[in-house]
Amino acid sequence: MAQKITIAIDGWSSCGKSTLAKDLAKALNYIYVDSGAMYRGVTLFAMRSGWINNDEIDELQLKTALDQIKIAFTLNQSGNPELLLNDENVEDEIRSLEVSQQVSKVAAIKEVRNFLVDQQRRMGQSGGVVMDGRDIGSVVFPNAELKLFVTAEPEVRAKRRYHELKEKGQRVAEQDVIDNINERDHLDANRSESPLIQTEDAVVVDNTNLDREEQLEKAKALANKYISE
Ligand code: CDP
C-alpha cells in the first residue's frame, strides 16, 4: 500500500493555498485541513462575545474562554469541509471581510495558537493529510515530507479574493479587500509567535500565471515523488 505522507502548504493571504490544498487532498484521497478556518472560528467567537471593539481585543477574556470553544469540520454535499463552531455551521460567516479584518490579531495570541496547533497536530497524526496555513511547515508539522510555499503577485491575489467575495454575494469595496490582504500579510509575517516564513526545505509554487488545473498538476507531481508504493 502506498505510504501516506503529510503535506504542508503555507503562503500569503488569498494566494490560492486553500484551493490547491483541497484539490490535492481530493486527488490523493487525503484529509484536507484548513487551519485558517480554525483561526477564523475563534475570531468569530470573540466577536460575537463582544470582546473585539474598535479593533482592540480583550485578550484576557478570550484566553480564559478557550475551553468553551469547540472547533470541528463537517463535510458538505460536495465533500468540502465546513467549519462548526460549537456545533453551529459558520462557514459563510467566517469568510466575511469583518472576520478577515480581525483574524490576524487573534492569530497572534500565543494561547490561541497553542490551543489550535494541538488540535491540528492531532488531526494529522496518522499522515495522509494536506494542511494549509501560515506555520504548517515551520511549527505544526516541521517533519512534513512535502512543504509547499505558495505565492502570487499581490494584485492577482487581491483580484481573486474580491471576485470570490462578490460571487458569494458579499458587498465589499475592492480597495478594502486590497487593504485587508496587505494588513494581514504584514501582521502574519511580523508577529513574534510563529510568523509566516518560507522554510528552507519548502518548494515555492508561484501561481500568478497558473490556473487551478496547472497548480494541481505541479503539486501532484511533487507529492508523487514522496509517496512510495
Ligand atoms: O484564505 P486566506 O489566505 O485569506 O486566509 P486563511 O488561511 O483563512 O487565514 C486567516 C488568517 O488566520 C491569516 O491571515 C492568519 O492571520 C491566520 N492563520 C495563522 O496565523 N496560522 C495559520 N496556520 C492559518 C491562518
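The values are calculated or read from the model by the stated rules, or taken from the named source; none is laboratory data. Because the structure is predicted, anything quoted here is derived from the model rather than measured. Note that each Cβ is placed from the backbone with ideal geometry, even for glycine, and that neighbours are counted across all protein chains shown. Heads up: the accessible areas ignore ligands, DNA and RNA and are worked out on the full protein's heavy atoms, side chains in. Shrake-Rupley method; radii C 1.70, N 1.55, O 1.52, S 1.80 Å.
Things worth noting here:
- A straight Cα-to-Cα reach below 27 Å connects residue 17 with the lysines 4, 26, 70, 105, 110, 147, 159, 166, 168, 218, 220, 225, residues fewer than 8 places away in its own chain not being considered.
- Ranked order, 47, 38 - accessible area, probe 1.4 Å, largest first: 47, 38
- Heavy atoms of residue 226: accessible area, 1.4 Å probe, square angstrom to 10: 100
- Heavy-atom surface of segment 113-172, accessible at 1.4 Å and reported per residue (Å²): 48
- Solvent-accessible ranking of 31, 227, 181, largest area first, probe 1.4 Å: 31, 227, 181
- In segment 6-228, the ratio of gyration radius to Kirkwood radius, Rg to Rh, stands at 0.94 when only Cα atoms are counted.
- Look at the Cα gyration tensor of segment 144-229: its axes a ≥ b ≥ c give a/c of at least 1.5 with a/b at or below b/c, and that counts as oblate.
- Fraction of accessible area attributable to carbon and sulfur, segment 6-228 (%, probe 1.4 Å): 45
- Under a model in which nothing but the beta-carbon of Lys, Arg (+1) and Asp, Glu (-1) is charged, segment 6-228 shows a dipole of about 440 debye around its Cα centre.
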